[in-house]
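The values are calculated or read from the model by the stated rules, or taken from the named source; none is laboratory data. In this text the structure is predicted, and so the values were computed from the model without any measurement. All Cβ positions, even for glycine, are placed from backbone atoms using ideal geometry, and neighbour counts span all protein chains on display. Calculation scope for accessible area: heavy atoms of the full protein, side chains included, ligands and nucleic acids excluded. Shrake-Rupley method; radii C 1.70, N 1.55, O 1.52, S 1.80 Å.
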Amino acid sequence: MSFRLEIFDGKGKSVLLLENLNGKETILAIKKRIAQKKLHLTVERQSLRTEAKGKNIPNEKTLEDLGLSASNAQLFIKDLGPQIAWKTVFLLEYAGPLFIYPLFYCRPSILYGSGAGTAEVKPAVYLALLAWSFHYAKRIFETLFIHRFSNSTMPLFNLFKNCGYYWGFAAFIAYFVNHPKYSDPILGSAQVYLGLGLFCIAEFGNLSIHILQRNLRPEGTRERKIPRPDGNPMSLLFDYVSCPNYTYEVLSWVGFTIMTQSLPTAVFTAAGFAQMTLWALGKHKNYKKEFPDYPKQRKAILPFVI
């Protein structure tokens, strides 16, 4: 059976007509055909839908899977705009904090005045530098060697948005924590080491979850499975929440906030928790929709609560 596929834009204007198709072509193959005829519409910029305002069709779906009429098949295309690789965005947004924070630790006179570089460095300040640097070095390591991205690109605008967020908060937090007039936490070294201990445990938990998630998805696929504990004690949080990586991430910054007793750090932790809660709720909803046997007792990010 020969398929005749017409592509429309969101306003219903015909963009392209593809003929002599057999119906077994995947959406990815259709995107490549479109890119050959419309050079500005690279594969990554295209989102194909069955309706003008419908949902994006996965690349692995075929025309036959969509149940389209062979003689009058129609799809709608949305131009997603300039794209950039997820890995590139992650590397840049994490590299900024890794290099910005130590600049403030050196207490340049242009920021803190003359003589600031010779002022005493409190143990909490030094440990905060180590913890901060470890966190973002770990993020870069995970981006390069652990994460498997279901999508290869994201809109270019996200680069500036994400970098602005991470780089801006890095400077905001570093300025106050490394200030020559920074004072010790109210409970002294006990509070510092309590916060540092929580930070280290949560960082290990976060890494453990990322490794488990990597092992769920074979390389080069978009396969999804229900994540479950894998024997690592840190993965037992999967019995209670859908996104324990976010739970551990928040706990890391709670520990950092306790250790530094810094208001900018608390603001960063609260902002991160709010954003990660939204992500977790979305993923939790998708899990329940995709898997009928998904564990009913799980919450999204906070056990028994959210």
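Key figures for this structure:
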quantity: Selection status of Asn56, closer than 29 Å to Leu144 by Cα and assigned by the TED database to the domain that holds Asn20; calculated: yes
quantity: Among residues of the range 26-50, those that are out of contact with any Phe, Trp or Tyr (no Cβ under 8 Å at 6 or more places or on another chain), closer than 13 Å to Leu75 by Cβ and β-branched (Val, Ile, Thr), counted; calculated: 4
quantity: Residue pairs meeting the criteria (Cβ under 6 Å; at least 6 apart or on separate chains; first β-branched (Val, Ile, Thr), in the range 193-215; second part of a helix (DSSP H, G or I)); calculated: Ile209/Pro244; Ile209/Asn245
quantity: Residue among Ser252, Ser235 that alone is closer than 30 Å to Ser189 by Cβ and assigned to a helix (DSSP H, G or I); calculated: Ser252
quantity: Test set (1) open to solvent by 30 Å² or more (accessible area, probe 1.4 Å); (2) in a helix (DSSP H, G or I); (3) free of Cβ contacts under 8 Å to residues at least 40 places away in the same chain - Thr277 fails condition number; calculated: (1)
quantity: Members of the range 1-14 found to be surrounded by 17 or more Cβ atoms within 10 Å (Cβ to Cβ) and either among the aliphatic types (A, V, I, L, M) or within 22 Å of Gln83 (Cα to Cα) (or both), listed by number; calculated: Leu5, Ile7
quantity: Gly10 vs. criteria over 21 Å from Pro155 (Cβ atoms) and part of a loop (DSSP other than H, G, I, E, B); calculated: no
quantity: Enumeration of residues in the range 155-203 that are of a type in the set (Ser, Thr, Tyr), within 19 Å of Met259 (Cβ to Cβ) and open to solvent by 50 Å² or more (accessible area, probe 1.4 Å); calculated: Tyr175, Ser183, Ser189, Tyr193
